[in-house]
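A quick write-up on the structure given underneath.
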Amino acid sequence: MKLVNKFTLWFVGILILTTPISMTISQYHIRKKIDEAEVERLSHVNDLVASQLKQGIPHEKYAQGRPIHVSKITGPLPDERIQVKEENYFNEDLQREECQLTVTSYYEIGGSNYLIASHDYVIKARQVLAGMMSGVIWKMILVICCVALTAHIVSGYTLKPFYQTLKTIQSFSLTQKNKLDFPQTSIKEFQELNTLLQKMTEKIGEDYASLKEFSENASHELQTPLAVIRSKLDLLANTPIHADQAQLIAEMQHSVEKLSRINRSLLLLTKLENHEFDPAEHIRLCRLTTSTLSAYQELIQLKSLTVQKQVNKDVYVRLHPTLAEILLNNLLHNAIRHNIQKGQIEVSLTSEKLVVRNTGTPPKTPTDELFLRFKKNNQSSDGIGLGLAIVKQICEISGFDVGYRYADGWHCLSVIFDPNKVQVRKTEVFADA
């Protein structure tokens with residue numbers, strides 16, 4: 001939900017919540033003011049009639065049909081000279097409830113005590129509320145419509161720098177050294193946001209450059225001593241040596257090769273994490289899958305493995321060509337290496353997913369942990385434990401999902417493609433066994 005819509009909903013909620021309270025308060029004050037005004041008017045009428053009586057003018061002259069009652073009373077005057085009484089009753093003629101307000105005043109005129117009472121009909125509280133309700137409802141509808149309309153218009157202008165900042169951040173790339181240009185704004189919060197983002201992206205760029213330089217230097221510097229060690233071992237192997245020495249040299253050469261593979265794999269993982277592989281176009285993954293299988297024919301024959309493949313033709317996936325080769329090589333290499341003698345391999349490629357299945361012994365490590373670095377099914381094996389970690393990293397930066405499970409003697413690795421990154425130009429399928 002957009003920010004402006006949340007603000008609008010909050011405002012409407014507050015309006016709906018506070019309106020009944022404000023109506024109750026308004027009704028009370030309006031009713032009170034009406035009563036006070038009517039009491040003041042009727043008190044003035046009583047005073048006027050009393051003034052006429054003092055002048056000897058009959059009160060009927062002023063009353064002339066007005067609801068005024070004048071009578072003499074015996075006994076002393078009450079302490080409260082003005083008394084107000086409100087009565088509710090049902091008017092049979094009008095078939096509705098009426099509210100009668102009576103003001104009784106007491107006077108001493110010519111040595112006699114008089115009671116002068118006048119009354120009138122006033123508006124009831126529910127009538128005031130009913131009159132307010134219709135007006136308030138229309139007012140709320142008008143306010144909500146105006147808020148909903150103006151909120152989007154005003155927010156489009158007010159939040160324009162924010163959306164421009166988001167667009168600038170979305171175009172940010174670690175591989176580009178161009179400085180981000182944030183929009184100018186007079187809103188203090190957006191100015192602070194842009195300043196913070198500017199400093200953050202500059203720091204990220206500096207850290208990325210330092211890390212990239214360190215990785216490249218480390219890889220380059222390691223290759224030199226590894227090459228020297230390898231050449232020295234080759235020279236040593238060509239000299240007269242004993243069988244035990246030859247065994248030691250072979251083990252040293254094996255360790256050097258393993259160290260070299262680890263160095264290359266870690267460098268590749270670093271490049272993957274830094275998103276240095278940007279896919280520019282869709283590659284024909286079906287053809288690459290077939291050619292990769294063909295490249296492993298010698299290893300497949302050495303283990304007497306049976307390969308079945310079902311690959312849809314003309315499946316194009318948006319993936320960097322180098323990453324596609326590494327992904328297929330690691331999946332197929334694992335399927336061959338961790339297979340049993342005279343085992344089976346099944347390769348399936350559709351527009352939805354790539355699945356590589358192979359027979360093999362049950363894993364000794366939980367399958368979800370095998371995607372971690374240096375995590376191997378058999379810790380004593382010659383593998384370096386980075387193959388599946390590289391597969392997972394390639395899938396993450398490409399927007400794919402990767403899964404691994406073992407059931408009924410079969411290892412199954414599946415890569416689920418992002419539908420937005422796949423193109424299928426034909427539906428033809430070919431299968432080989």
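The values are calculated or read from the model by the stated rules, or taken from the named source; none is laboratory data. On a predicted model such as this, the values are computed, not experimentally measured, just so you know. Glycine also receives a Cβ, built like all others from the backbone with ideal geometry; neighbour counts cover every protein chain displayed. Accessible surface is based on the protein model in full, side chains and every heavy atom, while ligands, DNA and RNA are left aside. Shrake-Rupley method; radii C 1.70, N 1.55, O 1.52, S 1.80 Å.
A single member of VAL39, VAL12 is closer than 30 Å to HIS69 by Cβ and either surrounded by 11 or more Cβ atoms within 10 Å (Cβ to Cβ) or among the acidic types (Asp, Glu) (or both), and it is VAL39.
All of (1) in contact with a helix residue (DSSP H, G or I) (Cβ under 8 Å, 6 or more places away or on another chain); (2) open to solvent by less than 40 Å² (accessible area, probe 1.4 Å); (3) at pLDDT 75 or above hold for SER215 with one exception: (3). Taking segment 174-204 as the range and being open to solvent by less than 40 Å² (accessible area, probe 1.4 Å) and in contact (Cβ under 8 Å) with a residue 24 or more places away in the chain as the test, the residues that pass are THR185, PHE190, ASN194, LEU197, THR201. The criterion of being open to solvent by 30 Å² or more (accessible area, probe 1.4 Å), within 29 Å of ILE340 (Cα to Cα), modelled with pLDDT of 80 or more and among the small types (Gly, Ala, Ser) does not hold for SER255. Residues that are open to solvent by less than 30 Å² (accessible area, probe 1.4 Å) and in contact with a Phe, Trp or Tyr (Cβ under 9 Å, 6 or more places away or on another chain) were ranked within segment 282-306; the one that is modelled with the lowest pLDDT is ILE283. Restricted to segment 338-374, and to residues there that are modelled with pLDDT of 85 or more and among the basic types (Lys, Arg), the residue that is farthest from the chain's Cα centre (by Cα) is LYS342. Within segment 34-58, residues that are within 15 Å of GLN100 (Cα to Cα) have Cβ atoms under 8 Å from residues that are charged (D, E, K, R) in these pairs: ASP35/GLU86; GLU38/ASP120; ARG41/ASP120; LEU42/ASP120, counting only partners at least 6 apart in sequence or on another chain. For segment 81-90, state whether one or more residues are at pLDDT below 85, surrounded by fewer than 11 Cβ atoms within 10 Å (Cβ to Cβ), hydrophobic (A, V, I, L, M, F, W, C) and not in a loop (DSSP other than H, G, I, E, B). Yes, because at least one residue in segment 81-90 is at pLDDT below 85, surrounded by fewer than 11 Cβ atoms within 10 Å (Cβ to Cβ), hydrophobic (A, V, I, L, M, F, W, C) and not in a loop (DSSP other than H, G, I, E, B).
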